[in-house]
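Data first, discussion second: the structure below is written as structure tokens.
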Amino acid sequence: MQETYDYIIVGAGSAGCVLANRLTENGKYSVCLIEAGPADKNIWIHIPIGYGKTMFNKKLNWGFETQADPHMNQRQFYWPRGKTLGGSSSINGLIYIRGQKEDYDRWGALGNEGWSWEDCLPYFRKLESNDLPEADTRGKHGPLSATSIPAKHELVDAFIHAAQKEHIPYIKDFNTGNQHGVGYYQLTTKNGLRQSTAVAYLNPARQRMNLTIKTEHLVHRVLFKNKKVVGIELSNKGGEPFVIRANHEVILSAGAIQSPQVLMLSGIGPADHLQAMGIPVQQHAPGVGQNLQDHLQLRLIYEVAKPITNNDQLRTVWSKSKIGLQWLFTRSGPLAIGINQGGAFAYALPKEAKTPDVQFHFGTLSADQAGGQVHEFSGCTISVCQLRPESRGYMHLQSTNPAQPMAIQPNYLSTDLDRRTAVASIRLARRIASTQPLADLLVKEYRPGLDQQSDEEILEFCRNYGATIFHPAGTAKMGVESDEMAVVDEQLRVYGVEGLRVVDASIMPTLVSGNTNVPVVMIAEKAADMILQHQKTQSKNVALT
Ligand SMILES: Cc1cc2nc3c(=O)[nH]c(=O)nc-3n(C[C@H](O)[C@H](O)[C@H](O)COP(=O)(O)OP(=O)(O)OC[C@H]3O[C@@H](n4cnc5c(N)ncnc54)[C@H](O)[C@@H]3O)c2cc1C
């Protein structure tokens with residue numbers, strides 16, 4: 001007997017855990033949630049500052065490597081992705097950002113009915129428990145906590161004051177739709193612990209009889225009969241392949257890199273590529289793996305005048321023990337906060353951008369690469385990224401083996417606007433750093449270094465040191481049927497087949513202006529409603545006939 005469920009969800013990440021909860025809530029449907037990685041038992045997943053510990057842990061992180069990028073001096077980039085319950089929400093930087101009102105209005109204007117800001121706002125409110133005072137834009141009773149950073153830090157305060165002098169207004173809440181401003185971020189933490197979607201959504205649903213969770217199972221492909229989904233092929237830890245069946249639907253939530261991979265392995269993708277790989281074409285879908293967008297972070301590193309940075313706290317066994325004990329007994333201190341506390345949304349090219357075009361992350365620590373060993377000196381980082389890059393990358397299969405990674409080409413800085421924004425954003429970051437009271441706290445610009453001044457030198461720095469800020473999206477984009485590159489419709493159903501949806505960061509037609517976790521949770525909340533509504537209509541139709 002083959003196992004059969006009403007719904008099969010592929011990937012227990014930011015989106016998958018939300019769906020698993022919502023689709024089992026009314027008790028009517030059986031759901032199987034399948035995750036390639038292990039359970040989220042590693043303690044560093046749950047300690048907010050543990051980000052550095054999971055960044056390169058191959059058991060919990062897919063740790064992809066991109067192809068050499070021709071626009072970035074042929075560099076290859078490390079692309080971490082969560083591989084555990086909670087997916088990337090279990091290893092991310094915890095920043096709680098929705099994006100701009102205009103991001104969603106843009107999705108709506110592209111013909112995606114039901115995706116304007118007004119349409120999405122109820123789901124943003126539904127998903128969150130916000131610790132800021134009640135307001136029309138905020139939710140108070142959702143599963144995911146939006147927690148304001150409790151402790152103030154001299155360096156972050158100085159960054160905020162300096163940015164204000166550079167005409168960036170102070171902002172208390174980045175999540176009203178209008179982000180323009182500088183302030184402290186909110187984080188997806190609760191009581192000093194990370195709130196992944198596994199913690200916020202899956203744990204409360206675990207005991208439900210109608211939910212089955214399979215960890216350490218890799219999904220290979222979706223199975224069809226006459227273009228209708230009937231189930232999936234997967235393998236367990238031992239590599240043994242087997243099939244499970246779906247009565248209603250299969251939902252791909254394997255993330256922006258692996259949902260397209262599963263689609264292609266199932267015969268849905270660019271026909272010529274599939275044929276070249278020897279995969280029978282189920283549906284020609286040229287947009288699968290295309291339209292890849294990401295935020296490129298440019299990190300300016302400063303030596304700090306006083307030993308007040310995380311570098312200092314993480315240097316000796318004694319200081320590490322001190323902050324460890326503080327977290328253990330009070331769930332507070334640097335370990336409870338994560339790495340970036342201050343933030344800003346601003347204009348690098350004010351004459352061209354209608355809404356903020358860059359985002360800053362200010363962290364009271366420094367390292368050669370994000371999540372790497374901190375520097376010996378007292379240091380801080382001003383990271384800046386362009387919010388709506390024009391550059392588009394792509395992905396394709398390298399092998400028909402589902403365990404082999406995709407070939408990823410980010411194509412960062414491949415347009416003139418992106419290059420000009422990068423240069424202007426570094427200049428803006430430098431203006432803030434040289435403004436009081438921040439200027440007095442910074443001893444030296446360690447990177448890029450003040451000898452790099454011309455546009456060409458700054459651009460060369462961006463090419464040599466730019467890196468992902470971990471927001472790949474758009475690789476199975478939502479769009480209208482007449483758009484050949486659209487992979488899913490506005491209900492997130494894959495065009496050309498029946499019973500298959502994609503629900504994760506892949507479906508974003510354009511990358512949102514900010515961090516992507518909360519937008520993905522919103523997408524999954526909305527998708528769950530669509531799926532349940534669809535099933536209700538189907539059942540009614542059956543009852544009538
Ligand atoms: C290091 C890092 C820092 C980040 N920082 C932030 C931040 O501070 N704030 C923010 O908002 N966003 C941040 N992000 C981005 C954000 O976390 C992601 O955009 C979001 O989690 C993506 O959700 P998803 O559901 O699309 O995919 P994921 O959460 O990545 O989930 C995909 C899941 O599918 C599983 N899977 C994949 N293939 C298969 C298969 N074949 N079979 C079975 N399972 C499979 C994966 O193991 C994974 O668990 C960060 C991301 C990273 C990696």
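FYI, it's all coordinate maths here, none of it is from the lab. Here the structure is a predicted model, which is why all the values come from computation and not from measurement. When we count neighbours, we look across all protein chains shown, and the Cβ atoms used for this are built from the backbone with ideal geometry, even at glycine.
Maximal additional length on extending the Gln369-Asp483 stretch stands at 37.2 nm, based on 0.36 nm per residue less the C-alpha distance.
Relative to the longest principal axis of the Cα atoms of the chain, helix 455-465 runs at roughly 60 degrees. The length gained on full extension between Lys58 and Asp131, counted as 0.36 nm times the residue separation minus their Cα-Cα distance, comes to 22.8 nm.
Taking every alpha-carbon pair under 8 Å whose residues sit at least 6 apart, the chain reaches a relative contact order of 21 percent.
Compared with the dominant principal axis of the Cα atoms in the chain, helix 255-265 is inclined by about 30°. Based on the convex hull around the alpha carbon atoms, the chain presents an average projected area of 25.0 nm². The value given for the range 81-158 is a Kirkwood hydrodynamic radius of 14.8 Å, derived from the mean inverse Cα-Cα separation.
Shape analysis of the range 326-376 yields a ratio of the Cα radius of gyration to the Kirkwood radius, Rg/Rh, of 1.17. For a test of the definition: using alpha carbon positions, the gyration tensor, and the 1.5 limit on a/c, classify the range 29-159 as rounded, prolate or oblate. Rounded, because the longest to shortest axis ratio a/c is under 1.5. When peptides 169-177, 203-211 are ranked by their average number of other Cβ atoms within 10 Å per residue, the highest-first order is 169-177, 203-211. Measuring r between the beta carbons of Lys306 and Glu166 and using R0 = 25 Å, the FRET efficiency lands at 0.65. Between the range 112-188 and the range 492-539, what is the C-alpha centre distance in whole Å? That distance is 24 Å. In the chain, the longest principal axis of the Cα atoms and the axis of helix 14-24 are about 40 degrees apart.
For the range 72-193, the number of Lys pairs separated by eight or more positions or lying on different chains, with C-alpha atoms closer than 27 Å, is 17.
Annotation for Asp529 and Asn236: the two label points, set 7 Å from Cα along the Cα-Cβ direction, are 4.0 nm apart. Each of the peptides 30-39, 493-502, 310-319, 428-437 was scored by the mean count of other Cβ atoms within 10 Å over its residues; in descending order, highest first, they stand as 30-39, 493-502, 428-437, 310-319. Counted over the chain, the DSSP beta bridges are approximately 70% antiparallel. Once the C-beta distance of Asn247 and Glu118 is scaled by a Förster radius of 30 Å, the resulting FRET efficiency is 0.30 to the nearest 0.05.
Shape class for the range 149-238: prolate, because the ratio a/c of the largest to smallest gyration tensor axis (alpha-carbon atoms, square roots of eigenvalues) is 1.5 or more and a/b beats b/c. Quick check: from the Cα gyration tensor, does the range 477-545 come out rounded (a/c under 1.5), prolate or oblate? Taking the square roots of the gyration eigenvalues as a ≥ b ≥ c, the range 477-545 is oblate. In the range 269-344, one over the average inverse separation of all distinct C-alpha pairs is 17.5 Å, which is the Kirkwood hydrodynamic radius.
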